[in-house]
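*Asks:* Structure below; questions to follow.
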Amino acid sequence: MSQNKSGPAPQLARPVYNLCDSDNDNDSSDNNDDDSDSEASLEIMAPINPPNPKTASSVLNAATKASIHSKPAVTKNSTSKLLSVNLSDSDSDDDDLLKAYNLKRTQKQQKQQQQPPLSQSSTTSSQVTTSRPRNTTASEEKQRERQRVREEKARQKEAEKAAKAKQRALDKEHRERQKQQEKDSKKRQREALQQVSGKYAHDEIALLLDLPIYLNEELALANALSEDFLLHPQPVTYKITNSIQWIRKEYLKGGAKDAVEQLEQKQVENFEKSPYLLMLMEAKDFLLLLDRVGHEVDDNYPALEKYLIELQAKYKRVWKNQEEPRIILLLRQVPDTLDKMWKNHKRNKKRTTAGSSLPTEWELNDAIQWLLIQYQVECIHCPSIESIHANLHKLTRGICEAPYKNQVTELECIKKIKSSNTGERPIDLAQDAWFRQLQQVKGLSEGIALNGVKAYPTIQSLWQAYNQNGGDDATNAALLEDCLHERVRRAKLSNTIFRVLKSDDPREKLT
């Protein structure tokens with residue numbers, strides 16, 4: 001139908017079918033398709049050019065493809081938008097619409113077939129709903145497991161940290177203990193060296209005093225000697241009247257204090273007992289022992305002899321051994337007291353008793369010599385208390401320092417000659433030693449010894465010369481006569497050197 005050029009184009013109308021009302025229809029609505037299809041309304045169309053069939057077909061195809069590839073859940077609005085197209089008045093447009101409508105119904109049926117029933121859908125939704133708490137529980141379990149792992153790792157770290165701290169403490173304690181052991185070992189070694197040198201000699205000796213002597217305020221031995229030595233009263237078991245004894249024990253084994261403790265426990269084998277026995281005698285007590293019947297000239301002091309025999313027997317009985325003690329008599333003011341007694345005797349002109357008199361000064365000295373020769377008993381005169389302190393201190397010091405003094409031997413009496421060797425060869429050392437050895441022979445001066453070394457550089461060379469002579473002693477004794485001096489023959493010195501090297505008699509004296 002052509003448009004009028006002179007006026008506006010006439011308006012057109014077309015039937016419109018409601019396709020969206022059938023989306024929610026049930027299966028029973030299919031019987032009323034004819035009635036619904038027959039119902040139509042007219043719609044005034046806009047003055048537009050008729051659509052190109054090709055364009056409409058392409059649009060319809062695009063819509064169909066989009067509906068096929070879209071998600072299963074298609075909303076009502078999307079369907080209405082897809083099918084709400086303007087149809088032309090031509091029959092071809094109606095046919096296209098009908099085809100699209102039929103296609104839509106077919107797709108709807110396919111979707112219904114693909115979708116599960118309502119019960120199945122509800123079951124699936126319930127399963128999803130039920131699975132959510134399970135997933136939530138699993139996640140919580142995983143979270144708790146992670147938390148447990150973290151706590152376990154933390155505990156392990158704390159345990160490792162505590163173990164390391166404990167190990168460090170043990171290592172530190174071990175190092176400190178090792179240092180202390182090394183320090184103690186060095187201290188013991190130092191003390192051992194000091195003990196060998198006699199540094200602790202005064203701490204190793206203890207004086208055992210008879211109780212009256214220990215408590216005597218006039219003597220005051222405790223005040224005078226306790227600063228250097230240990231003083232202790234004699235136990236009753238080992239008591240000897242008016243005596244002073246000594247016991248000794250090494251410092252590293254306990255010293256004098258431990259020796260006294262062992263003495264109190266009667267463990268006499270755990271310390272050393274000195275053989276010295278000091279008797280502190282007053283003048284009157286000693287002078288009474290010098291009384292002799294008839295004043296015989298021969299040495300005879302029966303009272304003094306009886307006293308010594310009884311003293312030795314008591315010493316053996318107390319210490320339960322058979323060793324003879326070395327008795328020392330400390331005589332207090334004996335000569336002065338004897339002089340006073342003679343002065344009083346002459347003043348009164350009376351004799352002491354019938355048949356006896358006071359001992360003379362000669363008898364006193366004779367008795368002292370008789371004790372030393374007959375019984376090896378020493379007597380020490382002490383005119384004052386200070387002399388008693390001094391003698392007792394010297395005697396105690398000599399007893400405690402005796403084990404650390406070097407014994408004097410013949411080698412100590414040999415003159416020490418410094419070495420004059422300046423070379424480093426063995427022959428130089430041998431010549432220097434031989435040169436100093438020759439000077440030890442009596443009568444050999446340094447010049448004579450030097451001449452002997454020039455003739456025979458070493459002692460081995462002289463020894464070989466002695467053996468080459470076939471053992472002839474006369475020839476060997478005269479071998480060095482012309483070698484020791486340039487102008488004088490030294491036959492005696494040559495013979496002396498020969499006897500020093502070849503004599504087999506240890507009792508032979510070299511002159």
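*Asks:* When ligands, DNA and RNA are left out and all protein chains stay put, how many square angstrom of accessible area per residue does the range 233-273 have with a 1.4 Å probe?
*Replies:* Working: 2130 Å² over 41 residues.
Ligands and nucleic acids excluded, the figure is 52 Å² per residue.
*Asks:* With every protein chain present, what is the per residue accessible area of the range 142-192 (1.4 Å probe, Å²)?
*Replies:* 97 Å²
*Asks:* In debye, nearest 20, what is the charge dipole magnitude of the range 244-349 about its Cα centre with +1 on Lys and Arg Cβ and -1 on Asp and Glu Cβ, if you could check?
*Replies:* Magnitude of the dipole: close to 400 debye.
*Asks:* Using a 1.4 Å probe on the protein chains only, how many percent of the accessible area of the range 208-297 belongs to carbon and sulfur? Before the final figure, lay out each step's value.
*Replies:* Details: 2390 of 4710 Å².
Roughly 51 percent of what the probe reaches on the range 208-297 is carbon or sulfur.
*Asks:* If you don't mind, there's one more thing I want to ask. Using 1/(1 + (r/R0)^6) with R0 = 30 angstrom and r between the beta carbons of LYS266 and GLU310, what's the FRET efficiency to the nearest 0.05?
*Replies:* With R0 = 30 Å, the Cβ-Cβ based efficiency is 0.80.
*Asks:* Here is the link list: LYS157/LYS179; LYS442/LYS492; LYS284/LYS394; LYS142/LYS164; LYS284/LYS340; LYS253/LYS394. Which ones come out longer than 22 Å on Cα distance?
*Replies:* Values: LYS157/LYS179 32 Å; LYS442/LYS492 11 Å; LYS284/LYS394 25 Å; LYS142/LYS164 32 Å; LYS284/LYS340 11 Å; LYS253/LYS394 25 Å.
Over 22 Å Cα-Cα: LYS157/LYS179; LYS284/LYS394; LYS142/LYS164; LYS253/LYS394.
*Asks:* How many angstrom lie between the C-alpha centres of the range 195-251 and the range 457-507?
*Replies:* 59 Å
*Asks:* Name the shape class, rounded, prolate or oblate, that the alpha-carbon gyration tensor gives for the range 189-269, where a ≥ b ≥ c are the square roots of its eigenvalues, rounded holds for a/c under 1.5, and otherwise prolate holds if a/b is larger than b/c and oblate otherwise. All intermediate terms of the calculation are to be shown ahead of the outcome.
*Replies:* Details: a/c = 3.28, a/b = 1.56, b/c = 2.10.
Cα axes put the range 189-269 in the oblate bin.
The values are calculated or read from the model by the stated rules, or taken from the named source; none is laboratory data. Remember, predicted model here, so these are calculated numbers, not experimental data. Cβ atoms come from the backbone with ideal geometry, glycine included; neighbour counts cover every protein chain shown. Accessible surface areas use protein heavy atoms only, side chains included; no ligands, DNA or RNA. Shrake-Rupley method; radii C 1.70, N 1.55, O 1.52, S 1.80 Å.
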